[in-house]
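The values are calculated or read from the model by the stated rules, or taken from the named source; none is laboratory data. In this text, all values refer to a predicted model and were calculated from it rather than measured experimentally. Here the Cβ is made from the backbone with ideal geometry for all residues, glycine too, and neighbour counts use every protein chain on show.
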Amino acid sequence: SGVMKGRRGLVMGVANNRSIAWGIAKSCHEQGAELAFTYQGEALEKRVRPLAAELGAAVVGHCDVTDPATIDQVFEEVKRVWGGLDFLVHCIAFSDKDELTGRYIETSADNFSKSLFISCYSFTAIAQRAEKLMQPGGAMLTLTYYGAEKWMPHYNVMGVAKAALEASVRYLAADLGPNGIRVNAVSAGPIKTLAASGIGDFRYILKWNELNSPLRRTVTIEEVGDVGMYLVSDLSRGVTGEIHHVDAGYHVVG
Ligand code: 0WD
C-alpha cells in the first residue's frame, strides 16, 4: 500500500545517508515506490550501492552530468529495466568551493559556466531524456534554495544558478504540462550535507535559521523527503511550476 504504489522513480544525487536525495528516496520507498539510483564516480558508488540495497532500489549506473554520454547510458538502462518512468528526482549541484565565500563579484567565467551547467542546465538535460519515458501523470522534481530569491552570505554564484534553475522549472512545467507531466521544486532550508560543507560559514547560517525561522529550528532530510514525495506523487496532481519552501518558514521572515 502507500500513495506511491506502482510508481517507478529515478533518484539522482545521493552522495551518502545525509543527502537530501536520500531523504526523498526514503519517503518515496515508505509510500511504496520502486526506485533506481545513479552515482557520480566510483567513490560514491561504494556509498550508494548499500543505500540502494536498503530500499531494494536498482543502481542504473554512473552519471556525471558534464558527460552527456553517461546521462544517455543511464536512461537507456532505465528503459531496459522498466520500459518507462513515472518520476524523476534531481538533487545535483556544484560550484568551486573557493567561490562560495567572499564576494560574488569575484566569480570566474569558468566557475560561472560550470556552476550554471551542473546546477541548472543538468535538470533540463535530464528532463529531455525523462520526457521520452514518461506517460501523463509523470512528475519531475529538483532542489533549490532561498539564495535564489534573496542575497545570502557566501552563496554567491550558486544563488544565480538556483535563480536560473527556478526559472527553468517554470519553463519546463509549461513545455511538459500539455503531456500531463509536472515539474516542481522544493526550496529546502539549510541542512548539513556534503555539498553544504563547501559553503562558507555554514554553521552560522544554520544557527541564524534556527533563531529566526517561525518554527525556531532547521529542517531534516526526512521533512524535505516527505514534501518531495508529495510533489512526485498523484496527491499533487494539480500542482506544477511550483517552488515549495520546506524551511521551517524562514522565507516569510528572511
Ligand atoms: O542546505 C542544503 N544542503 C541545501 C541543499 C539547501 C537547499 C538546496 N540544496 C540542494 C543542493 O543545492 C543540491 O541541488 O539540494 C541538492 C542536493 O544537495 P545535498 O543533499 O545538500 O548535497 P550532497 O549530499 O552533497 O549531494 C549533492 C550531489 C553531489 O555530491 P558531492 O557532494 O559529491 O558534490 O550532487 C551530485 C553529487 O552526487 N553531483 C553530481 N552528479 C552528477 N554529475 C555532479 C555531476 N557533475 N556534481 C555534483
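Among residues of the range 179-198 being more than 8 Å from the ligand (Cβ to nearest atom) and assigned to a loop (DSSP other than H, G, I, E, B), the one that is farthest from the chain's Cα centre (by Cα) is GLY180. Looking only at residues of the range 29-44 that are within 11 Å of the ligand (Cβ to nearest atom) and under 16 Å from ILE71 (Cα atoms), we find that the one that is surrounded by the most Cβ atoms within 10 Å (Cβ to Cβ) is THR38.
Restricted to the range 12-23, and to residues that are over 20 Å from ASP64 (Cβ atoms) and assigned to a loop (DSSP other than H, G, I, E, B), which residue is farthest from the ligand (Cβ to nearest atom)? So the residue we want is ASN17.
Out of LYS79, LYS26, LYS5, one residue alone is among the charged types (D, E, K, R), more than 21 Å from SER119 (Cβ to Cβ), within 15 Å of the ligand (Cβ to nearest atom) and modelled with pLDDT of 95 or more. It is LYS26. The residue of the range 65-83 that is nearest to the chain's Cα centre (by Cα), among those that are buried (at least 16 other Cβ atoms within 10 Å of the Cβ) and hydrophobic (A, V, I, L, M, F, W, C), is VAL65. A single entry from SER168, SER122, SER108, SER113 fulfils the requirement of being of a type in the set (S, T, N, Q) and closer than 23 Å to THR193 by Cα: SER122. Restricting attention to the range 19-56, the residues being under 17 Å from GLY228 (Cβ atoms) and of a type in the set (Gly, Ala, Ser) number 8.
Evaluation of ILE205 against the conditions (1) within 15 Å of the ligand (Cβ to nearest atom); (2) in contact with a Ser or Thr (Cβ under 9 Å, 6 or more places away or on another chain) shows that the sole unmet condition is (2). Annotation for the range 55-76: at least one member residue is in a strand (DSSP E or B), of a type outside the set (Lys, Arg), farther than 30 Å from PRO153 by Cα and away from the ligand (no atom under 14 Å from the Cβ). Look at the range 207-254 and say how many of its residues are outside any loop (DSSP other than H, G, I, E, B), surrounded by fewer than 18 Cβ atoms within 10 Å (Cβ to Cβ) and of a type in the set (A, V, I, L, M). The number of residues fulfilling the criteria is 3.
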